[in-house]
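Undergrad: Below is the structure I would like to discuss, written out as structure tokens.
The values are calculated or read from the model by the stated rules, or taken from the named source; none is laboratory data. The structure displayed is predicted, hence computed values, not measured ones. A quick note on method: Cβ atoms are made from the backbone with ideal geometry, for glycine too, and the neighbour counts reach across all protein chains shown. For the accessible areas, the whole protein counts, side chains as well, though only heavy atoms, and no ligand, DNA or RNA atoms are used. Shrake-Rupley method; radii C 1.70, N 1.55, O 1.52, S 1.80 Å.
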Amino acid sequence: MSNSPPLPLILAVVGHTNTGKTSLLRTLLRNADFGEVRDSAGTTRHVEAAQLLLRGKPYIELRDTPGLEDSIALAGHLKSTGLRGRSCLEHFIGQAQPDVAREFEQEIKVLRQALECHAMLYVIDCREDVLEKYREEIAALSLASRPILPVLNFIQADSRQLQNWRTALAELGLHALVEFDTVAFDFDAEKRLYQKLQTLLETWYQPLQQLLDYRAEEWQQVRNACIAQVAALLVEMATYTQPPGQGEQRAKQLESLQNTVRQREQHCLRNVLELLNFSSANVQLTNLPVQNGEWELDLFAPETLKKFGLDTASAAATGAALGAGVDLLLAGLSLGAASLTGAALGTAWHTSRRYGKDLLARARGEKILCVDDTTVNVLLLRQLSLLRHLFRRGHAALGPVQLNEKEKAEIPSGWREQLTRARSLLQLKVGVDSREYKNALTDMKQWLASVL
Ligand SMILES: Nc1nc2c(ncn2[C@@H]2O[C@H](COP(=O)(O)OP(=O)(O)OP(=O)(O)O)[C@@H](O)[C@H]2O)c(=O)[nH]1
Ligand SMILES: [Mg+2]
């Protein structure tokens, strides 16, 4: 006889109205389009299910349910059946008078799911006091004799009631619970949710473990893929070159260089959003000028530089447009710098930026137009904050998300080496398929992963 538990494991997501049940589903499903989420009571009117698959096989079925509203009146009706446990619910659902059935239409849908599921996720808005109506809800749902895992939502908003909820739930015999903010995603919190289910549902321990491992691996892969996008952007832009022009032609070339950088950054943003399964239409990020999947604040706008605390004065001193490309003197590197060390490159850079024309005039070697340090620095800082935000954003987030973590605008240590390394590819004149280029890219990915 096989001991395999029935799959999918059916989890009913239940709770008072407007506590974030549909939001929880969105985040667990990584799907911002699931159901309807609104800040009002009675948004979900029907039971809606979605499955979590593992290699095409349904492992978990999550069922979103309408919110419970009048549990105190419901409790009276349940008591009047004179029955206990599942038969009390079955009797109430099957035998309720038409007017009662109408009055409790939504509640009956929920109770039916309580009977049909293997376990319930009971979502709590823990900004609320532990009111009698919530105790009655839990008592009614408990009649289904299925494990209930309370999910404490809105923990970021307000944690003062958290202890009261813990105590009240323990009094009701619910000792396993999980804190899970549906708006700010945290992979560890999701992991804890499945681990708590493992303790409540021993029969499903193995499949839950498989799902957990799979989700962890998947999350790691998605994270790495996002980091790879950013690494590619940075290395590509640090090594991008154009031949320099003269006079008017030069202004046009600077503009074209800027456009190239803008488009390349935009391309990276789109890919990252897609990898994380965010439709660009619903992404608005606090502190980041991203709206509808587009960078709003231009990369080259003075505010962008200022926001990241970058020095605009030296760029302005050259008379060039802010963040415009500078002439990299490949020949200039022979002005005392035999090898491309960080310091040597830094000096050559700064000098060429400030006195570019003179040096250019003197240089015998090649002159090329490339993306200047300030611009690459801004790219780096924007991408770091983008990834930090998106990695912590739940799919239920509607508007801008305020995260606790303070915006870190400083350039992390080790960046100068990374930039120098990438710039050295220019001197080596190697293509994207070369070993050197690939190594620089790998280094950049590792470095980014270490600072995120
Ligand atoms: N700040 C914050 N807002 C949340 C969180 N979870 C849900 N919300 C918001 O709370 C409101 C209700 O969320 P829903 O997911 O629609 O709640 P529900 O329990 O499905 O509501 P009904 O279907 O009406 O019972 C929405 O405005 C959500 O954006 C959270 O963890 N933090
Ligand atoms: Mg809902």
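Undergrad: Out of all the residues in the range 103-124, is one or more in a loop (DSSP other than H, G, I, E, B), at positive phi and surrounded by fewer than 23 Cβ atoms within 10 Å (Cβ to Cβ)?
TA: There is no residue in the range 103-124 that is in a loop (DSSP other than H, G, I, E, B), at positive phi and surrounded by fewer than 23 Cβ atoms within 10 Å (Cβ to Cβ).
Undergrad: Just need a number here: residues in the range 1-15 that are open to solvent by less than 20 Å² (accessible area, probe 1.4 Å), touching a Phe, Trp or Tyr at 6+ places or on another chain (Cβ under 8 Å) and away from ligand 2 (no atom under 11 Å from the Cβ).
TA: Qualifying residue count, the range 1-15: 1.
Undergrad: Take H77 and decide whether it is in contact with a Leu (Cβ under 6 Å, 6 or more places away or on another chain) and either away from ligand 2 (no atom under 16 Å from the Cβ) or under 18 Å from L141 (Cβ atoms) (or both).
TA: no
Undergrad: Within the range 167-198, work out how many residues are touching a strand residue (DSSP E or B) at 6+ places or on another chain (Cβ under 8 Å) and outside any loop (DSSP other than H, G, I, E, B).
TA: Counting residues in the range 167-198 that are touching a strand residue (DSSP E or B) at 6+ places or on another chain (Cβ under 8 Å) and outside any loop (DSSP other than H, G, I, E, B) gives 9.
Undergrad: Evaluate the following for G35: is it on the phi > 0 side of the Ramachandran plot and touching a strand residue (DSSP E or B) at 6+ places or on another chain (Cβ under 7 Å)?
TA: Against the criterion (on the phi > 0 side of the Ramachandran plot and touching a strand residue (DSSP E or B) at 6+ places or on another chain (Cβ under 7 Å)), G35 qualifies.
Undergrad: Among T65, T19, which is open to solvent by less than 20 Å² (accessible area, probe 1.4 Å), under 19 Å from D181 (Cβ atoms) and out of contact with any Pro (no Cβ under 8 Å at 6 or more places or on another chain)?
TA: T19
Undergrad: Could you tell me which of the residues L83, L54 is of a type in the set (A, V, I, L, M) and open to solvent by 60 Å² or more (accessible area, probe 1.4 Å)?
TA: None of the others qualify; the one that does is L83.
Undergrad: Evaluate the following for H46: is it away from ligand 1 (no atom under 16 Å from the Cβ) and out of contact with any Leu (no Cβ under 7 Å at 6 or more places or on another chain)?
TA: Considered against the rule, which asks whether it is away from ligand 1 (no atom under 16 Å from the Cβ) and out of contact with any Leu (no Cβ under 7 Å at 6 or more places or on another chain), H46 comes out as no.
Undergrad: Which of the following residues is on the phi > 0 side of the Ramachandran plot, in contact with a His (Cβ under 8 Å, 6 or more places away or on another chain) and touching a residue at least 40 places away in the same chain (Cβ under 8 Å): R26, R30?
TA: R30
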